[in-house]
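Have a look at the structure below, then the notes.
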Amino acid sequence: MLTRTTVIGICIGAVILGIGVASMILNSPFLHTKNIEETIGVEKLATYEFTAPKSSHQNFNATGEKFHVKLQTPSDGLQVDEDFKKEVMFDWFVLKEGTNKIEIKNTGESEIIFQGKFAQYGDPTYLAHNLLLLITGVIIIGLSGAFSIRKPKGF
């Protein structure tokens with residue numbers, strides 16, 4: 001027979017377990033695509049840095065009056081350090097896993113619109129956080145179920 005306290009404990013454990021599963025799905029520490037849409041102000045510098053796996057597809061588009069783009073990809077990949085006017089689009093596949101770095105300096109009199117789509121690895125700390133939530137939920141459910149079978153002395 002389940003007591004009211006046991007049912008409450010099992011429900012709390014199930015909620016924590018559900019939060020852990022939802023977080024694992026939404027914040028995948030594995031490969032995911034990140035979309036960026038930002039505006040870079042006049043005479044401002046924007047830097048984007050991310051770790052991308054081999055053969056992943058990356059692209060970005062910058063639109064503005066005048067700007068300087070510095071793009072560095074791992075190994076012998078795409079290396080750009082040039083000034084551009086109006087619009088520029090870069091589309092590439094990563095040749096070797098590693099850090100990709102994009103710097104855009106606005107040298108014009110108007111704002112720059114930056115739009116990018118990058119395939120990258122997620123933050124590994126999310127994996128630890130999600131596993132901690134899953135383990136906590138299972139422990140709470142297990143302890144609640146154990147207390148319904150036989151109550152320890154003092155409870």
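Which loop chymotrypsin sites (Phe, Trp or Tyr not before Pro) in segment 1-50, with loop taken from DSSP, have no more than 16 other Cβ atoms within 10 angstrom of their Cβ?
PHE30
Would you mind calculating the gained length between VAL138 and LEU2 on full extension (0.36 nm times residue separation, minus the Cα-Cα distance), in nm to one decimal? List each step's numbers first, then the result.
Numbers: separation 136, 0.36 × 136 = 48.96 nm, distance 1.76 nm.
47.2 nm is the gain from fully extending VAL138 to LEU2.
As an exercise, identify the GluC sites (Glu not before Pro) in segment 29-122 lying in DSSP coil whose Cβ has no more than 12 other Cβ atoms within 10 Å.
GLU43, GLU109
So how compact is the chain: Cα radius of gyration and Dmax in angstrom?
Gyration radius and largest Cα-Cα distance of the chain: 24.5, 78 Å.
About the Cα centre of segment 31-121, what is the dipole size in debye to 20, counting +1 per Lys and Arg Cβ and -1 per Asp and Glu Cβ, all else neutral?
With Lys and Arg at +1 and Asp and Glu at -1, about 260 debye.
Once Lys and Arg get +1 and Asp and Glu get -1 on their Cβ, which of PHE147, THR125, PHE67 lies farthest toward the positive end of the dipole of the chain?
PHE147
Filter the chymotrypsin sites (Phe, Trp or Tyr not before Pro) in segment 67-137 to those in DSSP coil with at most 16 other Cβ atoms within 10 Å of their Cβ, and list the result.
none
If Lys and Arg each add +1 and Asp and Glu each add -1, what is the summed charge of the other residues whose beta carbon sits under 14 Å from the beta carbon of PRO53?
Details: positive: LYS34, LYS54, LYS96; negative: GLU97.
Around PRO53, the surrounding residues sum to +2.
Residues with beta-carbon under 11 Å from that of GLN79, excluding GLN79: net charge, scoring Lys, Arg +1 and Asp, Glu -1?
Residues near GLN79 contribute -1 overall.
Pick out which of LEU17, LEU95, LEU143 has the largest mean-square fluctuation in a Gaussian network model of the chain, springs linking Cα atoms closer than 10 Å.
LEU143
Nearest 10 degrees, 0 to 90: what angle lies between the long axis of helix 4-26 and the longest principal axis of the chain (Cα atoms)?
20 degrees
Sum up the charges of everything whose Cβ sits under 14 Å from the Cβ of GLN115, counting Lys and Arg as +1 and Asp and Glu as -1, but leave GLN115 out.
After counting each charged neighbour, the total is -3.
Kindly list the residues of segment 52-74 that lie in the label zone of ASP91, defined by a backbone N under 12 Å from the point 7 Å along the Cα-to-C-beta vector.
Only 58-61 pass the distance filter.
Test of understanding: given the chain, find the longest segment containing no trypsin sites (Lys or Arg not before Pro) that are in a DSSP loop and have at most 13 other Cβ atoms within 10 Å.
With a cap of 13 other Cβ atoms within 10 Å, the longest stretch comes to 97-149.
At a Förster distance of 35 Å, what's the computed FRET efficiency of ASN61 paired with ALA128, Cβ-Cβ distance as r, to 0.05? Can you show the working numbers first?
Details: r = 35 Å, r/R0 = 1.00.
The value I calculate is 0.50.
Assuming R0 = 30 Å, what is the FRET efficiency of VAL42 and THR99, from their Cβ-Cβ distance, to the nearest 0.05?
Computed FRET efficiency for VAL42 and THR99: 0.60.
Where a number appears in this text, it was derived from the coordinates with a stated rule and is not lab data. It should be emphasised that the depicted structure is a prediction, and the values quoted were computed from it without experimental measurement. As a convention, Cβ positions derive from the backbone with ideal geometry for all residues, glycine included, and neighbour counts pool all protein chains shown.
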